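Everything below concerns the one structure shown next.
The values are calculated or read from the model by the stated rules, or taken from the named source; none is laboratory data. Just so we're clear, the structure is a prediction, and the values are computed from it rather than from any experiment. All Cβ positions, glycine included, derive from the backbone under ideal geometry; neighbour counts span all protein chains shown. Remember, those area values only see protein heavy atoms, side chains included, never the ligands or the DNA or RNA. Shrake-Rupley method; radii C 1.70, N 1.55, O 1.52, S 1.80 Å.
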Amino acid sequence: MSESHIRFNMVEDNLEPTEVTKELLMIIDGWLKEEGAYTTDVQQQMLESHVKAMVLRAKTGEPLPEVDRSLFEEISSESMQLAERAVNTLSGLPIEEAYLLSVHFEIARSTT
């Protein structure tokens with residue numbers, strides 16, 4: 001699948017965060033549909049807000065606050081893999097981004 005090889009290098013390519021956010025959300029939406037998962041309007045707003053912030057962090061290099069990985073032990077490996085795929089599309093983000101993003105996928109997958 002070609003989408004999994006998409007990589008946005010926000011700084012090097014001087015990409016526009018709004019455009020990258022839109023594109024990444026379309027990719028994520030496709031991944032969720034493949035899994036038969038969906039988001040409610042509120043969940044979608046929260047996901048959009050998180051992806052926008054994540055894209056901005058990829059652009060600015062702003063670090064995440066410390067993440068306690070033990071809080072994410074209940075997240076399924078499927079949700080974590082989806083989150084890692086999304087985070088890996090952006091250059092320079094720490095893996096902790098995937099922990100935070102995985103919560104959105106876990107909720108979407110449990111809504112099915």
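Can you tell me which residue in segment 1-41 is least open to solvent (accessible area, probe 1.4 Å), limited to those that are among the small types (G, A, S) and in a loop (DSSP other than H, G, I, E, B)? Here the residue is A37.
Can you say whether A98 is among the aliphatic types (A, V, I, L, M), more than 16 Å from F8 (Cβ to Cβ) and either surrounded by 20 or more Cβ atoms within 10 Å (Cβ to Cβ) or touching a residue at least 12 places away in the same chain (Cβ under 8 Å) (or both), as far as the supplied structure shows?
Judged against the criteria, A98 is not a match.
Rundown of residues vs (1) basic (K, R); (2) touching a Phe, Trp or Tyr at 6+ places or on another chain (Cβ under 9 Å); (3) modelled with pLDDT of 95 or more, yes/no style:
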position: V20; (1), (2), (3): no, yes, yes
position: V42; (1), (2), (3): no, no, yes
position: K52; (1), (2), (3): yes, no, yes
position: P65; (1), (2), (3): no, no, no
position: S91; (1), (2), (3): no, yes, no
position: I95; (1), (2), (3): no, no, no
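Among residues of segment 82-95 that are open to solvent by 70 Å² or more (accessible area, probe 1.4 Å), those with a Cβ under 8 angstrom from a residue that is among the aromatic types (F, W, Y) and in a helix (DSSP H, G or I), sequence gap 6+ or separate chain, pair up as R85/W31. Restricting to segment 55-87, what's the tally of residues that are assigned to a helix (DSSP H, G or I) and within 15 Å of V11 (Cα to Cα)? Here the count works out to 6. Entry remark, segment 77-111: residues being of a type in the set (G, A, S) and in contact with a Lys or Arg (Cβ under 8 Å, 6 or more places away or on another chain) number 2 in total. Picking from residues in segment 42-76 that are free of Cβ contacts under 8 Å to residues at least 12 places away in the same chain and under 15 Å from the mean Cα position of the chain (by Cα), the one that is most open to solvent (accessible area, probe 1.4 Å) is Q45.
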